[in-house]
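Have a look at the structure below before the remarks.
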Amino acid sequence: MPSLQEKIGEDIKDAMRKKEEVRLGTLRMLKSDLQYEMTKTGAQALEDEIVMKIMRTAIKKRNDAKEQFEKGDRPELAAKEAAEIAVLETYLPANVSEDVIRKKAQEIIAEVKPQGPQDLGKVMGKVMAAFKGQSVDGTTVNKIVKSLLGG
């Protein structure tokens, strides 16, 4: 099975053949981010987990840009960012559901026995570590943990 990085390279060629401009542009930017990471670390290839981390960062940047465009009444640019997000999300595993996050957070809270909302960081770290390698939204985790800690 090819690595995620190899799949992206193949999909760039496929997007060129099919003349899918949004997909092609998005994947080229992603490939550039991957090349930068490889240059920075001196790696010949990146592990799938690192590639997914870079993708999540790219998605977060595009979400932030989309929000700014929506606030600035620029729907055409917000739509472009949304289209790029959709392309990137096809490479990530499905997000972990809130119910699963809540259940895991409750287990960790029972284990850690936090004193209250001031121990949010301690619990958050363990919850995020429990979902390492899976697609989980940190903002959602934070919201759930805060509610469970009574914050």
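Bear in mind these aren't lab numbers, they're just calculated from the coordinates by the rules spelled out. Treat the numbers as computed from the prediction; the structure is a model and nothing was measured. Positions of Cβ are backbone-derived with ideal geometry, glycine not excepted, and every protein chain shown enters the neighbour counts.
Sort out the exposed loop trypsin sites (Lys or Arg not before Pro) in the chain (DSSP loop, at most 11 other Cβ within 10 Å) and tell me the longest stretch that has none.
Details: sites that count: LYS19, LYS132.
Counting only loop sites that pass the neighbour cut-off, the longest clear stretch is 20-131.
Evaluate the distance, in nm, between pseudo-label points positioned 7 Å from the Cα of VAL100 and of LEU77 along their respective Cα→Cβ axes.
Result for the modelled spin labels: 3.6 nm.
If the reach is capped at under 18 angstrom between alpha carbons, list the aspartates and glutamates near LYS104, excluding any in the same chain fewer than eight residues apart.
By straight Cα distance, LYS104 reaches ASP119, ASP137.
Taking K and R as +1 and D and E as -1, what net charge do the other residues with C-beta under 13 Å from the C-beta of ARG17 add up to? Kindly include the intermediate steps, with their values, before the conclusion.
Details: positive: LYS13, LYS18, LYS19, ARG23; negative: GLU10, ASP11, ASP14, GLU20, GLU21.
Result for the local shell: -1.
Say the cut-off is 24 Å between C-alpha atoms; which of LYS40/LYS66; LYS122/LYS143; LYS18/LYS71; LYS60/LYS143; LYS66/LYS132 go over it?
Check vs 24 Å cut-off fails for LYS40/LYS66; LYS18/LYS71; LYS66/LYS132.
Given (i) 1.31; (ii) 1.24; (iii) 1.00, which label gives Cα Rg over 2.2 N^0.38 Å as computed from the coordinates?
Here Cα Rg over 2.2 N^0.38 Å agrees with entry (ii).
Please state the charge dipole magnitude for the chain, taken about the Cα centre, from unit charges on C-beta atoms (+1 on K and R, -1 on D and E), reported in debye and rounded to the nearest 20.
Dipole magnitude for the chain comes out near 220 debye.
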